[in-house]
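See below for the structure under consideration.
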Amino acid sequence: MKAKDQFSGSLGFVVAAAGSAVGLGNIWGFPYEVGQGGGALFVLVYLFFCFTLCLPVMLVEIAIGRKSGSNPVHAFKVLGFPKWRFIGFLGLLSGVVILSYYNVIAGWAFGYIFEMVRGNFQITQSFDEYTADYVRIGLYGLLFMSVTSFFVSRGIAKGIERVAKVLMPVLILMIIGVAAYALTLEDAMAGLQFYLLPKFSSLEGKVIYNAMGQAFFSLSLGMGALITYGSYVRSTDNLLKSASLITLADVGIALLAGLMIFPLIGHMSGGTMEGVSRGPELIFVTIPAIFGTIGGGTGQFVGTAFFLLLCFAALTSTISLLEVPVSYVTQATKLKREKATWLVAFVVFLVGIPSLLSQGASDYFGEFIQYMGAEQATNFMDFMLNLANDTFLPLGGCLMVCFAVFVWKKRHLDEELSKGYPGYHGSFYQRYLHFSMTYVIPVLLGILCIYTVLSTFFGL
């Protein structure tokens with residue numbers, strides 16, 4: 001069933017899909033992983049995987065979506081392979097789970113806007129108490145989910161595309177503005193040096209593994225979002241060009257985020273880069289504390305702008321995450337988009353309540369499961385993150401590539417990719433895609449999945 005609502009053109013699709021990819025993974029996750037990976041070397045490995053591994057997977061997802069004109073679950077049935085719908089269900093489940101806890105984190109950021117506006121930098125000293133206040137954070141999350149639902153309920157061209165065309169340029173300008181200010185601070189150059197000058201002696205297997213996982217997640221692969229967005233793309237659009245632009249936009253914003261974050265950390269640490277890999281505390285404790293040292297109204301202004309851009313980045317992702325189950329429900333039940341959107345959003349919010357409670361409000365969800373070989377229990381939110389983000393996404397991507405190459409066959413994929421790109425057949429891109437999708441990507445993603453399961457859940 002071909003989607004009636006479509007993007008107005010290739011630019012609208014690129015901006016919306018780039019917005020889907022750009023999110024907390026770029027502003028928060030990327031700098032955190034760079035810190036853990038030793039700096040600039042991680043950046044180089046991450047860039048390598050974005051273009052050699054993730055770009056082909058992105059093309060497969062978009063091509064399946066455009067050819068079928070359907071949601072991730074029904075797409076495989078439309079293509080004539082109903083038994084492979086489980087891949088779509090896996091993507092659908094991944095998206096719902098990720099959105100459920102992603103919305104909680106977005107609620108944290110949303111609440112910080114109000115704290116920065118009134119100059120309450122002391123919030124950094126009580127971050128654990130802040131996240132444990134489930135009523136307060138729950139209301140912030142509910143407001144954020146409501147804003148997401150409003151834009152999704154308006155459809156593709158009038159809702160998702162229109163808001164992406166506004167938010168993405170504003171987001172980029174805000175990042176550049178905060179980055180420019182950060183570079184004026186004392187010891188900012190130490191952070192810049194850590195970020196841009198690689199030390200090849202620090203290359204190890206964990207850096208490669210983390211860079212591969214970060215690249216895969218940051219581009220919204222494996223969760224059905226790009227199949228869904230692909231179903232709204234016109235048949236005349238050049239998918240290779242669009243996918244390349246989406247990847248460049250996502251990578252570019254991640255790199256800009258690093259230019260913003262690391263000079264700030266260099267300033268805060270006095271050039272030692274201490275605390276560069278502190279996870280959530282990096283964004284919600286370390287960075288706001290820096291704004292508090294600026295003094296006057298400047299700290300309040302910069303702090304407010306920072307968390308506003310964090311919310312903008314989160315919103316572009318939550319919109320795409322919500323669109324996936326909404327697309328499925330509207331086609332499976334014939335519910336109107338508006339009703340389906342608010343119904344799905346309500347269910348997702350309920351699914352996120354255990355993640356909300358796991359941050360200090362509930363001992364049960366706070367110590368939800370203890371992995372084999374682990375010294376401490378893992379809370380519910382981190383368990384969902386390990387399951388959906390770290391395991392399901394690369395598994396879904398691996399299965400999608402295997403389906404495209406060995407079941408749907410490369411000739412059908414080529415036929416779809418050649419639309420809007422007459423010179424595709426016989427080109428270097430065709431030969432590279434065939435080789436990488438047949439011999440490289442399934443192996444790498446398979447290894448990533450196996451390694452994640454064994455190391456995370458079994459301590460091996």
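The equivalent ellipsoid of segment 386-457 has semi-axes of 29, 11, 10 Å, largest first, where each one is the square root of 5 times an eigenvalue of the Cα gyration tensor. Across segment 401-418, computed HN-Hα scalar couplings (Karplus, 6.51 cos²θ - 1.76 cosθ + 1.60, θ = phi - 60°) run 5, 4, 4, 4, 7, 9, 10, 5, 6, 5, 5, 6, 5, 4, 4, 6, 6, 6 Hz from first to last residue, x flagging Gly and Pro.
Only protein heavy atoms count here; on that basis, with a 1.4 Å probe, Met400 has an accessible area of about 0 Å². Each of Lys158 and Thr272 was given a label point 7 Å from its Cα along the Cα-to-Cβ line. The distance between the two points is 5.8 nm. Can you give me the % of accessible surface on the chain that is carbon or sulfur? Probe 1.4 Å, all protein chains present, nothing else counted. Carbon with sulfur: 65 percent of the solvent-accessible area. With viscosity 0.692 mPa s and temperature 37 °C, the Kirkwood radius over alpha carbon pairs of segment 1-46 converts through Stokes-Einstein to a diffusion coefficient of 254 µm²/s.
Given R0 = 45 Å, the distance between the Cβ atoms of Ala377 and His425 translates into a calculated FRET efficiency of 0.25.
Normalising by residue count, segment 58-97 has a Cα convex hull of 56 Å³ per residue. Can you tell me, using C-alpha contacts under 8 Å and at least 6 residues apart, the relative contact order of the chain as a whole percent? This gives 31 percent for the chain.
Here is the list for segment 258-352: trypsin sites (Lys or Arg not before Pro) lying in DSSP coil, each with at most 10 other C-beta atoms within 10 angstrom of its C-beta, are Lys334, Lys336. Residues whose amide H lies under 5 Å from that of Ile369, counting only those 5 or more places away or on a different chain, are Thr378; hydrogens are built 1.01 Å from N in the peptide plane.
Taking all protein chains into account, the per residue accessible area for the chain stands at 39 Å² (1.4 Å probe). Extension gain, Phe150-Glu367: 0.36 nm per intervening residue step, less the Cα-Cα distance, totals 74.6 nm. Rounded to the nearest 10 degrees, the angle from helix 40-49 to the longest Cα principal axis of the chain is 20 degrees. Rolling a 1.4 Å probe over the protein chains gives Asp390 an accessible area of about 40 Å². With N counted as the residues of segment 1-145, its alpha-carbon radius of gyration over 2.2 N^0.38 Å works out to 1.35. Taken over segment 273-382, the alpha-carbon convex hull comes to 170 cubic angstrom per residue. Along segment 188-203 the Karplus relation, 6.51 cos²θ - 1.76 cosθ + 1.60 evaluated at θ = phi - 60°, assigns HN-Hα couplings of 4, 5, 5, x, 5, 5, 4, 7, 10, 10, x, 10, 5, 5, 8, 5 Hz to successive residues, with x for each Gly and Pro. Against the longest principal axis of the chain, how steep is helix 10-21, in degrees 0 to 90 to the nearest 10, with axes from Cα atoms? That works out to roughly 50 degrees. Label-to-label distance for Val166 and Lys83 is 4.9 nm, based on points extended 7 Å past Cα in the beta-carbon direction. Taking every C-alpha pair closer than 8 Å and separated by at least 6 residues, the mean separation divided by the residue count of segment 130-281 gives a relative contact order of 39 percent.
In this calculation the C-beta distance from Glu415 to Thr333 is compared with R0 = 35 Å, giving a FRET efficiency of 0.65. Each principal axis of the Cα cloud of the chain was taken in turn, and the coordinate range along them, longest first, works out to 60, 51, 45 Å. Converting phi to 3J(HN,Hα) with the Karplus coefficients 6.51, -1.76 and 1.60 and the offset θ = phi - 60°, segment 116-128 yields 6, 4, 8, x, 8, 6, 5, 4, 5, 8, 9, 4, 4 Hz in sequence order, with x at every glycine or proline. Going down the list Lys158/Lys334; Lys83/Lys419; Lys165/Lys241, which pairs span over 22 Å between their C-alpha atoms? In this structure, Lys83/Lys419 exceed 22 Å between Cα atoms. For segment 42-95 versus segment 348-411, the inter-centroid distance based on Cα atoms is 18 Å. Of the trypsin sites (Lys or Arg not before Pro) in segment 4-72, the ones in a loop by DSSP (not H, G, I, E or B) with at most 16 other beta carbons within 10 Å are Lys4. Of the chymotrypsin sites (Phe, Trp or Tyr not before Pro) in segment 425-460, the ones in a loop by DSSP (not H, G, I, E or B) with at most 14 other beta carbons within 10 Å are Phe458.
The values are calculated or read from the model by the stated rules, or taken from the named source; none is laboratory data. Quantities reported herein were computed from a predicted structural model and do not represent experimental measurements. Cβ atoms come from the backbone with ideal geometry, glycine included; neighbour counts cover every protein chain shown. Note: accessible area is taken over every heavy atom of the protein model, side chains too, but ligands, DNA and RNA are not part of it. Shrake-Rupley method; radii C 1.70, N 1.55, O 1.52, S 1.80 Å.
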